[in-house]
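*Asks:* The following block contains the structure, expressed as structure tokens.
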2 protein chains.
Amino acid sequence: MHAADTLQASIDRTGSLAVVGLDPRPALIPPALRTQALARHGDTRLAVAWAFAQFNRGLLAAVQGACCAVKPQVACYEAYGAPGLQALEETISEANRLSIPVIVDGKRNDIGSTAEHYAQAWLGAAPGFTGALPAGPKGDWLTVNAYLGSDGVKPFLAHGAVFVLVKTSNPGSGEFQGLKLADGDANMEAMAKLVRQWGEGRTGACGLNDVGAVVGATWPAEAKRLRALMPNTIFLVPGYGAQGGSAADALAGRRPDGRGCVVNSSRAIIGAWEKPKATDWAGAARAALDAMNKDLASAR
Amino acid sequence: MHAADTLQASIDRTGSLAVVGLDPRPALIPPALRTQALARHGDTRLAVAWAFAQFNRGLLAAVQGACCAVKPQVACYEAYGAPGLQALEETISEANRLSIPVIVDGKRNDIGSTAEHYAQAWLGAAPGFTGALPAGPKGDWLTVNAYLGSDGVKPFLAHGAVFVLVKTSNPGSGEFQGLKLADGDANMEAMAKLVRQWGEGRTGACGLNDVGAVVGATWPAEAKRLRALMPNTIFLVPGYGAQGGSAADALAGRRPDGRGCVVNSSRAIIGAWEKPKATDWAGAARAALDAMNKDLASAR
């Protein structure tokens, strides 16, 4: 089954274009959970990792059915070493169990057999000494950075689906992505053309393909231009809300049929309990997600 | 202390420009170690990770004093999940104990607080609930991909030193890095100019700075052009040997004073035992490293 079809089916089932970013930080852990973590493990990497796993378990139960996917940010877990990675694996496993598509946000990149290892880590299974090891919890999609060219992207495609960084949401993304090429394109447009090529022959029944693009909500005009270059590409859209992108901005790159954009929100959902210090943090996350869905629906 | 000075001091002490790539794979684990790992843990992620840690411990003892740095490739460990990351942490810790500079090859990239988390993971320490956690084993350098621009590089520089991908060793690296810009530069040259900027104010006593560049040995003509754009930048040079770069190619980008290049080799060293199936795998690695040092010295 194409990852694009699984994602589109999840959109159709939930009616949501929202992707919940699971980007936990110690400061985002609700007080009761923090107290429990400190009591169990002291102030250690293990305590933080334990809290992340519990927090995500509660969040996944709360957002289930109201988002099309979740997107854990690997950096948040990696900062806590092996225990952090264990918490991420538990989180992906729980999302797998709940049949929520998982976009692993790792922005990985390398070439040849090294890229294969990243693909094994997040999309497939690694070899043991005598054969393939059982696959653990696995993502449906992995974000990748394609500065290395096709040599750094194709190895991933043998294992699963990717979102390639094209136009990122940060204010300074134009510094490199916006450089004008001799042929008139900007770098992001050259990248978009590569993304389109890589997606050829990988199109699902829904008409979209398994090589997506990251296109920030903070660049709606660019998103429209990029859509013309990538008609059958799913856009993963960061930068909605906190970073300044409105619902209309976030969906600026959608296709004429309304498809082709999924929109991430992290802190506004998982940190919704912070104001006004709700004790029901899972309920606060769901309420924030419902509000986001309403906002996106109004712009569809 | 600047990471550039620590690395230059290591070069001066060992007389070597060689970086030993610690990129273990199950197929590269010598038979005796493999048998031990299987007996201890069966054919599991834990067995592979245990073997990686033991293998690296032996390799580090063997190459100590004869290389200027080691470069673990994160992907190889990440493929084995939390146990794999644990093996990498043990490896970095052992290199720290032996005072061998560590270049963490992760090609990480992200913006703002997310980039901070990667920096915490590999160059610094992460926050707990009540303050900073004790720093674990840490790299001296981290490889980063700067497609996101300054927003994706500066957060790393607050924590340590980086090597930015400029011209990678793969045959297809020109596909994107070689695109011609309207101002006459190729993309790799635009990246080189950014690298030079980022390095300003970060120069050590040795005259080199803490923002290095990855420049493949497979592109000697480009390395010379890139040196002119980055006079005080250390080049981390992959692609020597197996990928086709000679010693002269690998050192093509060195400065007039002979400084400014370190050259990676992975499989030819750590897999030297494979032919002719040496039982002393650590000795075979050291012999291969000695031969590489001789080869590099002849081209210096």
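*Asks:* Where residues in the range A:17-37 are aliphatic (A, V, I, L, M) and assigned to a loop (DSSP other than H, G, I, E, B), which of them is nearest to the other protein chains (Cβ to nearest Cβ)? I'd like the intermediate steps shown before the answer.
*Replies:* Filtering the range A:17-37 for residues aliphatic (A, V, I, L, M) gives A:17-20, A:22, A:27-29, A:32-33, A:37.
Remaining after also requiring assigned to a loop (DSSP other than H, G, I, E, B): A:17, A:29.
On the way: A:17: 22, A:29: 7 Å.
Checking each candidate, the answer is A:29.
*Asks:* Which one of these is at positive phi and not hydroxyl-bearing (Ser, Thr, Tyr): A:245, A:271, A:253, A:258?
*Replies:* Details: A:245 fails: at positive phi; A:271 fails: at positive phi; A:253 fails: at positive phi.
None of the other options fit; the residue is A:258.
*Asks:* Looking at the range A:154-169, which of its residues are buried (at least 24 other Cβ atoms within 10 Å of the Cβ) and of a type outside the set (Ser, Thr, Tyr)?
*Replies:* A:156, A:161, A:162, A:163, A:164, A:165, A:166, A:167
*Asks:* Next question. Here is a list of conditions, (1) part of a loop (DSSP other than H, G, I, E, B); (2) surrounded by fewer than 19 Cβ atoms within 10 Å (Cβ to Cβ); (3) more than 19 Å from the chain's Cα centre (by Cα), and residue A:193 meets all of them except one; can you say which number that is?
*Replies:* (1)
*Asks:* Looking at residue B:38, is it more than 22 Å from residue A:86 (Cα to Cα), crowded, with 21+ Cβ neighbours inside 10 Å and at pLDDT 95 or above?
*Replies:* No; evaluated as a whole, the condition is false for this residue.
*Asks:* So, one more: If a residue has to be touching a Gly at 6+ places or on another chain (Cβ under 8 Å) and modelled with pLDDT of 95 or more to count, how many in the range B:99-125 make the cut? Please lay out each step first, then the result.
*Replies:* Here is the first cut: in the range B:99-125, the residues touching a Gly at 6+ places or on another chain (Cβ under 8 Å) are B:102-105, B:109-111, B:115, B:118-119, B:121-125.
Subsequent filtering for residues that are modelled with pLDDT of 95 or more retains B:102-105, B:109-111, B:115, B:118-119, B:121-123.
Residues meeting the conditions: 13.
*Asks:* Considering A:24, A:83, which residue is crowded, with 24+ Cβ neighbours inside 10 Å and out of contact with any strand residue (DSSP E or B) (no Cβ under 8 Å at 6 or more places or on another chain)?
*Replies:* The unique qualifying residue is A:24.
*Asks:* Being at the interface with chain B (Cβ under 7 Å from one of its Cβ atoms) and small (Gly, Ala, Ser) is the requirement here; does residue A:121 meet it?
*Replies:* Here the answer is yes, as residue A:121 does meet what is asked.
*Asks:* If I filter the range B:246-264 for residues that are surrounded by fewer than 24 Cβ atoms within 10 Å (Cβ to Cβ) and within 14 Å of another protein chain (Cβ to nearest Cβ), do I get at least one hit?
*Replies:* No, the range B:246-264 has no match at all.
*Asks:* Right, something else. Please list, ordered by first then second residue, the pairs with beta carbon atoms under 6 Å, 6 or more apart or interchain, first in the range A:234-249 and more than 15 Å from residue A:171 (Cα to Cα), second in a strand (DSSP E or B).
*Replies:* Hits for this filter: A:234/A:212; A:235/A:213; A:235/A:215; A:235/A:261; A:236/A:163; A:236/A:212; A:236/A:214; A:236/A:262.
*Asks:* Evaluate the following for residue B:156: is it under 17 Å from the mean Cα position of the chain (by Cα), closer than 15 Å to residue A:79 by Cβ, modelled with pLDDT of 95 or more and more than 9 Å from chain A (Cβ to nearest Cβ)?
*Replies:* Here the answer is yes, as residue B:156 does meet what is asked.
*Asks:* Can you report the number of residues in the range A:196-232 which are assigned to a loop (DSSP other than H, G, I, E, B) and either surrounded by fewer than 23 Cβ atoms within 10 Å (Cβ to Cβ) or not acidic (Asp, Glu) (or both)?
*Replies:* 15
*Asks:* Separate question: Mind listing whichever residues of the range B:159-190 are more than 7 Å from every other protein chain (Cβ to nearest Cβ), of a type in the set (Asp, Glu) and either assigned to a helix (DSSP H, G or I) or touching a Phe, Trp or Tyr at 6+ places or on another chain (Cβ under 8 Å) (or both)?
*Replies:* B:189, the sole residue that qualifies.
*Asks:* Follow-up question, since we're still on this one. For the range A:124-150, name all the residues that are in a loop (DSSP other than H, G, I, E, B), more than 8 Å from chain B (Cβ to nearest Cβ) and surrounded by 23 or more Cβ atoms within 10 Å (Cβ to Cβ).
*Replies:* A:139, A:140
*Asks:* Restricting to the range A:99-111, what's the tally of residues that are farther than 19 Å from residue A:85 by Cα and within 7 Å of another protein chain (Cβ to nearest Cβ)?
*Replies:* Count: 2.
*Asks:* Looking for something over 30 Å from residue B:91 (Cα atoms) and either in contact with a Gly (Cβ under 8 Å, 6 or more places away or on another chain) or assigned to a helix (DSSP H, G or I) (or both) - is there at least one such residue anywhere in the range A:81-94?
*Replies:* Yes, the conditions are met somewhere in the range A:81-94.
*Asks:* Say we look at the range B:59-91 and pick out the residues that are touching a Lys or Arg at 6+ places or on another chain (Cβ under 7 Å) and under 29 Å from residue B:259 (Cα atoms); which of these is nearest to the other protein chains (Cβ to nearest Cβ)?
*Replies:* B:63
*Asks:* Could you check the range A:87-103 and list, in sequence order, the residues that are free of Cβ contacts under 8 Å to residues at least 40 places away in the same chain and closer than 13 Å to residue B:78 by Cβ?
*Replies:* Scanning the range A:87-103 gives a single hit, A:88.
*Asks:* Is it true that residue A:116 is more than 7 Å from every other protein chain (Cβ to nearest Cβ), surrounded by fewer than 24 Cβ atoms within 10 Å (Cβ to Cβ) and in contact (Cβ under 8 Å) with a residue 12 or more places away in the chain?
*Replies:* yes
Conditions tested, residue by residue: (1) under 30 Å from residue B:93 (Cα atoms); (2) without any contact (Cβ under 8 Å) to a residue 24 or more places away in the chain.
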| position | (1), (2) |
| --- | --- |
| A:27 | yes, yes |
| A:41 | yes, yes |
| A:47 | yes, yes |
| A:63 | no, no |
| A:68 | no, no |
| A:71 | no, no |
| A:76 | yes, no |
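*Asks:* Follow-up question, since we're still on this one. Given A:297, A:288, which one is modelled with pLDDT of 95 or more, of a type outside the set (Val, Ile, Thr) and over 18 Å from residue A:70 (Cα atoms)?
*Replies:* One residue alone meets the criteria, A:297.
*Asks:* So in the range A:170-182, with the set limited to residues that are surrounded by 19 or more Cβ atoms within 10 Å (Cβ to Cβ) and touching a residue at least 40 places away in the same chain (Cβ under 8 Å), which one is nearest to the chain's Cα centre (by Cα)?
*Replies:* So, considering only residues that are surrounded by 19 or more Cβ atoms within 10 Å (Cβ to Cβ) and touching a residue at least 40 places away in the same chain (Cβ under 8 Å), the one nearest to the chain's Cα centre (by Cα) is A:170.
The values are calculated or read from the model by the stated rules, or taken from the named source; none is laboratory data. Note that the coordinates shown come from a computational prediction; the quantities given were computed from them, not determined experimentally. Positions of Cβ are generated from backbone atoms using ideal geometry, with glycine treated the same way; all protein chains shown enter the neighbour counts.
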